[in-house]
């Protein structure tokens, strides 16, 4: 199972081909993935004072810049912090921070309009996700929104007897190969969000890479209680990626 220490070892200095753009190859390239896949899911909320969890080498940061009033980025990698500080100078309107991977002491209470994390927290276990959800309750403004890409593996095991028996070992190996959290899923995330008196607006479960199973989840939550959650099972997610790649690389 991935840990903060193992993630730091993997992502502090290694794997940064074209600043992480190689991880967007299923969509063609990072710009195509942002505009074709991510932006349609976040554009109603992406504005104001923005927090990014897991900025890495800035694969998504460059797209968040135009929508922000201010920007706070947190990452467990000191080398990524140094890299991004050298790449961007935002003066008083933005800052990159090195973090412990669980808390947000650099953020004031009720200071964030929109929190974004994609292709980062999916590599974390429940202790990390639970801690960040608690912190988001503190730092999001009333009505503030977070868009979080996290694992859905534990919910697969909890809700489907097939996974518990015949396919559990195979799905576990597949998730472990990718480095997905095995103790995180759509259901425990939604339950904690409700306990914190927030609401999940949408939880979209999706496959990833070559997996045919919906091992990931895209959760959009709001710092406001009492809103019903729309659950979307999107088994065509990677087919959408292939379509975006064909269109974006045409010619």
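Figures for the structure shown
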{"read-out": "Residue ranges of strands (runs of 3 or more DSSP E) in region 150-241 with at least 1 members touching a helix residue (DSSP H, G or I) at 6+ places or on another chain (Cβ under 7 Å) and at pLDDT 95 or above", "value": "199-206, 216-222"}
{"read-out": "Residue 128 being part of a strand (DSSP E or B) and within 18 Å of the chain's Cα centre (by Cα)", "value": "no"}
{"read-out": "Candidates 128, 139, 122, filtered to the one that is in contact (Cβ under 8 Å) with a residue 60 or more places away in the chain, farther than 18 Å from residue 59 by Cα and in contact with a helix residue (DSSP H, G or I) (Cβ under 9 Å, 6 or more places away or on another chain)", "value": "128"}
{"read-out": "All positions within region 32-73 that are modelled with pLDDT of 95 or more, more than 17 Å from the chain's Cα centre (by Cα) and farther than 13 Å from residue 113 by Cα", "value": "32"}
{"read-out": "Residue match in region 82-90 (condition: under 17 Å from the mean Cα position of the chain (by Cα) and surrounded by fewer than 23 Cβ atoms within 10 Å (Cβ to Cβ))", "value": "no"}
{"read-out": "Among (1) surrounded by 13 or more Cβ atoms within 10 Å (Cβ to Cβ); (2) at pLDDT 95 or above; (3) more than 30 Å from residue 194 (Cβ to Cβ), the one test that residue 248 misses", "value": "(2)"}
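The values are calculated or read from the model by the stated rules, or taken from the named source; none is laboratory data. Just so it is clear, the structure is predicted and the values come from calculations on it, not from any experiment. Because the Cβ atoms are built from the backbone with ideal geometry, glycine has one as well, and the counts that use them run over all protein chains shown.
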